[in-house]
1. Looking at R119 and the list (1) in a helix (DSSP H, G or I); (2) open to solvent by 50 Å² or more (accessible area, probe 1.4 Å), which single condition is not satisfied?
2. Considering only residues of region 3-28 that are open to solvent by 20 Å² or more (accessible area, probe 1.4 Å) and among the hydroxyl-bearing types (S, T, Y), which is modelled with the lowest pLDDT?
3. So which strands (runs of 3 or more DSSP E) are wholly in region 1-79 and hold at least 3 residues that are out of contact with any Lys or Arg (no Cβ under 9 Å at 6 or more places or on another chain)?
4. Filter region 135-156 for residues that are out of contact with any Asp or Glu (no Cβ under 8 Å at 6 or more places or on another chain) and outside any strand (DSSP E or B); which is modelled with the highest pLDDT?
5. Can you tell me which of (1) under 16 Å from the mean Cα position of the chain (by Cα); (2) surrounded by fewer than 19 Cβ atoms within 10 Å (Cβ to Cβ) is the one G77 doesn't meet?
6. Quick check on region 240-261: of everything there that is under 13 Å from I155 (Cβ atoms) and not aliphatic (A, V, I, L, M), which residue is farthest from the chain's Cα centre (by Cα)?
7. Could you tell me which numbered condition R123 fails, if it satisfies all but one of (1) farther than 17 Å from L282 by Cβ; (2) basic (K, R); (3) in contact (Cβ under 8 Å) with a residue 60 or more places away in the chain?
8. Is it the case that A84 is crowded, with 17+ Cβ neighbours inside 10 Å, over 19 Å from the mean Cα position of the chain (by Cα), of a type outside the set (S, T, Y) and at pLDDT 95 or above?
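The values are calculated or read from the model by the stated rules, or taken from the named source; none is laboratory data. Since the model is a prediction, treat every value here as computed from it, not as a measurement. Quick reminder, even Gly has a Cβ in these numbers, built from the backbone with ideal geometry, and neighbours come from all protein chains shown. For the accessible areas, the whole protein counts, side chains as well, though only heavy atoms, and no ligand, DNA or RNA atoms are used. Shrake-Rupley method; radii C 1.70, N 1.55, O 1.52, S 1.80 Å.
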Amino acid sequence: MIGVVDVGANTVRLQVSSGSECLLREKAMLRLGEAIERWGRIPDEKLEETADVVARFATEARRHGVQRFEVLVTSPGRQAANGAELVGRLAAAAGAPARVLDATEEGRLGFLGATATTRGPGRQLVAVVDVGGGSAQIVIGTRRNGPAWARSLDIGSMRLTSRMGFADPPGADALAEARGEVMRLLEGVLPPLPRAAIAVGGSARAIKSIVGADLGAEELECVLDVLARLPAAKVVARYDVEPDRIPTLPAGAVILAAIRERLAVPLRVGRGGVREGAMLELVSRREAA
């Protein structure tokens, strides 16, 4: 029995699994990335809140019989001036190892988790796109040999939302301005062109509720049109999008659309990601011990 807590810019998530079976999922929306974008650090009250959530998740994991447990911190640990303090508090709260994933490691684990939970040819070049709250990872490789090319963008749905200050609804002009910001960050990013692409993360899952799992140019333009003109409450009611996700969804859609254009293939919303990849590695280490 293994457990992973993933501390991201939007959410803190717990997953407990036995073999390939997921036994427990929990999440808390803490929006650490918003604080980092505003102040460059995580305020004391947010540190305390995050530690309390991780302590509760650790207790729940052990109640389910978890023997191996790990806390992974993604963009908040890299971007906050007090990221080291965050990691120290979380390790103490969990009574378990806590570590910051650098952008390369985050992308690699996301690729491993996404490709392990979807089917496809082993030698075909595939991209995994993970748009989180604080950063976006693009990793390209094969299922058989793993990642061969990776880039991280220092922008995510939460950070772009905070930076742009969207209204509700944001309107087409604001989304076009946000797209310009993302395209600036994509300058010089020239990936090898994959045959297929998998999109993971909360933004991709929420967009799936609006247009389905296949995100080509037309589908993403449809999503951007919906999000530009409909107030958040109507999007939630009409498409059953999680209310906690909707404030950052326009930014997430902008980032996904810009990356899809750069990759020149449609995105397919996948199931796995960083947590699944980390769990596969925990199992491998246990078996090798």
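1. (1)
2. So the residue we want is S20.
3. Hits in region 1-79: 21-29.
4. G156
5. It is condition (2) that G77 fails.
6. My answer is T248.
7. (3)
8. No: the conditions fail for A84.
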